[in-house]
Amino acid sequence: MTNKLGLHANVWVAGWSRDEAARAIAKTAESGFDLIEIPALSPDRLDPQNTSRLLAEAGVGATLSLGLDAATDISSGDPGRVAAGEAKLLDAISVGRDLGVSHICGILYSAFQKYDEPPTADGLKTSVATMAKVADKAAASGITLGMEVVNRYETNLINTAAQAVEYCRLVDAPNVGVHLDVYHMHIEEVDLVAAIEETGDHLVYFHTGDSHRGYMGTGSVDLKGAFRALARIGYQGPITYESFSSRVVGQPLTGILGIWRETWESGDDIVAHAMTFTRAQMKAAAESRRRSRLVGDVG
Ligand code: MN
């Protein structure tokens, strides 16, 4: 596998002031990761010039992640909100272009919130039509959009890999794909391994972590199965470690994600462990794949 390894910025910093950006990017480079995922819930508040200078100095790549909110929900029945959502996504794309990001991912297709009602057929249609327009702009900047599959408390539109694949088929743009996250899959999928396999070539971005969003391998996610499935489908995209602890995270993520506990105390330690654990899982998955293929040659 030649996947780039990424790190979500919230393991280092809660916000993106000049000092926070400098620290998060330097620490990411020092930890041996290829890219940093920058949360861009308010893309217009990033300072692309400063951030791209820091990235270039550190030799680190970047991706952006965001979720829309109620006022910018492109699955809403209110044309004003849909237009505001389209504008917000275009903002993120222009910031992404200035930063030279390969991917923008997250809950780009609806609001990032607990809904009180199921999605509507019209809402899905509006979201798909808006995403198709936005995808054209992203393609012009060489940016792939990852539709993150999240659990039922964070959206009502895409909770399973199968729903995300169907959404991407409807959008029908080569740069719109599925972003899977083991934490959410562990809640919603009937079979995590089969979901990765069935996503197949639609997969463009992958979040690792564990069931409590702390140390990998200390929760109940089938990470061994997940890494083997990634190897089996020949996934070449980024693998980004995402973890949240009340030690670092700030609003609005604390509230939306329900980060009430310290799942770790030290960013340095959780990141060092994530790197070791991820490399070991990838190596084991690749060897398992290679050796299972060799069996035929022996006999
Ligand atoms: Mn995620």
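Here are some notes:
- Helices (runs of 4 or more DSSP H) (entirely within the stretch 122-232) containing at least 3 residues that are more than 17 Å from the chain's Cα centre (by Cα) and more than 16 Å from the ligand (Cβ to nearest atom): 161-171, 192-199, 223-232
- Thr276 of a type in the set (Val, Ile, Thr) and closer than 25 Å to Val11 by Cβ: yes
- Screening the candidates Arg289, Arg279 for the property of being at pLDDT below 95 and not polar (S, T, N, Q) yields one hit, Arg289.
- Candidate set: the stretch 36-60, residues that are at pLDDT 95 or above and in a loop (DSSP other than H, G, I, E, B); chosen: the one least open to solvent (accessible area, probe 1.4 Å): Val60
- Selection count where residues are open to solvent by less than 10 Å² (accessible area, probe 1.4 Å) and touching a helix residue (DSSP H, G or I) at 6+ places or on another chain (Cβ under 6 Å), scope the stretch 94-107: 1
- Any hit, the stretch 180-201, residues being over 23 Å from Ile36 (Cβ atoms), open to solvent by 60 Å² or more (accessible area, probe 1.4 Å) and in contact with a strand residue (DSSP E or B) (Cβ under 9 Å, 6 or more places away or on another chain): yes
- Of residues in the stretch 202-237 being of a type in the set (Ser, Thr, Tyr) and surrounded by fewer than 20 Cβ atoms within 10 Å (Cβ to Cβ), the one farthest from Ile36 (Cα to Cα): Ser220
- Checked against (1) crowded, with 24+ Cβ neighbours inside 10 Å; (2) under 25 Å from Asn50 (Cβ atoms), Ile158 passes all but condition (2).
- Every pair of residues 6+ apart whose Cβ atoms lie under 6 Å, when the first sits in the stretch 179-194 and is more than 15 Å from Thr240 (Cα to Cα) while the second is open to solvent by 40 Å² or more (accessible area, probe 1.4 Å) and away from the ligand (no atom under 14 Å from the Cβ): Leu192/Asp222
The values are calculated or read from the model by the stated rules, or taken from the named source; none is laboratory data. Given the structure is predicted, the values throughout are model-derived calculations rather than measurements. Counting neighbours? That spans all protein chains shown, and the Cβs are built from the backbone with ideal geometry, glycine included. We work out accessible area using only protein heavy atoms, side chains counted, and drop any ligands, DNA or RNA first. Shrake-Rupley method; radii C 1.70, N 1.55, O 1.52, S 1.80 Å.
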